[in-house]
Amino acid sequence: MFTFFFYLAPMVAVVLMLMNYLMSNENPYVEKNGPFECGFTSYHQSRSAFNVSFMLMAMLFLPFDLEMSSMLPYVMSAYTNGLYGLMMLIMFLLQLVMAFVYEMNLGALNLTRNYTPMIKPLKHYLYKK
């Protein structure tokens with residue numbers, strides 16, 4: 001059954017792309033090829049620089065997203081993992097929460113900020129020996 005779908009899926013994709021190419025009508029003009037900004041005419045450069053904090057937010061999102069997706073094997077086999085698997089998951093989630101609290105403490109999740117790489121003194125006592 002798998003081999004049937006293994007061969008069928010690419011064939012359906014090629015047929016649909018070929019139908020799209022054959023049935024589409026090409027009608028290029030300036031407004032169609034220009035950048036789209038909510039239906040209004042663009043009066044300035046649309047590829048302008050954006051705030052770096054959005055890129056920082058995306059870079060901080062990726063590790064947390066990947067870590068959350070790495071919990072899927074435990075969820076799929078939760079009944080067979082037993083107590084050891086549960087303890088490993090709790091330790092993993094504890095590290096994830098600690099990293100999130102650390103990022104919040106640094107102020108890395110604020111989009112409008114003046115970044116100062118200092119830990120706030122009230123919460124700093126948790127990290128001292």
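Of all positions in segment 95-103, at least one carries a residue that is in contact (Cβ under 8 Å) with a residue 24 or more places away in the chain, closer than 16 Å to residue 56 by Cβ and either touching a Cys at 6+ places or on another chain (Cβ under 6 Å) or not small (Gly, Ala, Ser) (or both).
With respect to the conditions (1) of a type in the set (Phe, Trp, Tyr); (2) at pLDDT 65 or above; (3) over 29 Å from residue 96 (Cα atoms), residue 36 lacks only one, and its number is (2). Restricting attention to segment 67-86, the residues that are under 25 Å from residue 103 (Cβ atoms), surrounded by 10 or more Cβ atoms within 10 Å (Cβ to Cβ) and among the aliphatic types (A, V, I, L, M) total 2. Quick one: would you say residue 64 is at pLDDT below 85 and surrounded by 12 or more Cβ atoms within 10 Å (Cβ to Cβ)? Yes, satisfied.
Per-residue answers, yes or no, for (1) among the acidic types (Asp, Glu); (2) touching a Pro at 6+ places or on another chain (Cβ under 9 Å); (3) at pLDDT below 80; (4) at negative phi:
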| residue | (1), (2), (3), (4) |
| --- | --- |
| 41 | no, no, yes, yes |
| 47 | no, yes, yes, yes |
| 88 | no, no, no, yes |
| 100 | no, no, no, yes |
| 110 | no, no, yes, yes |
| 124 | no, no, yes, yes |
| 129 | no, no, yes, yes |
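The values are calculated or read from the model by the stated rules, or taken from the named source; none is laboratory data. The model shown is predicted, which means the values in this text are computed figures rather than measured ones. For neighbour counting, all protein chains shown are included, and Cβ atoms are generated from backbone atoms with ideal geometry for every residue, glycine included.
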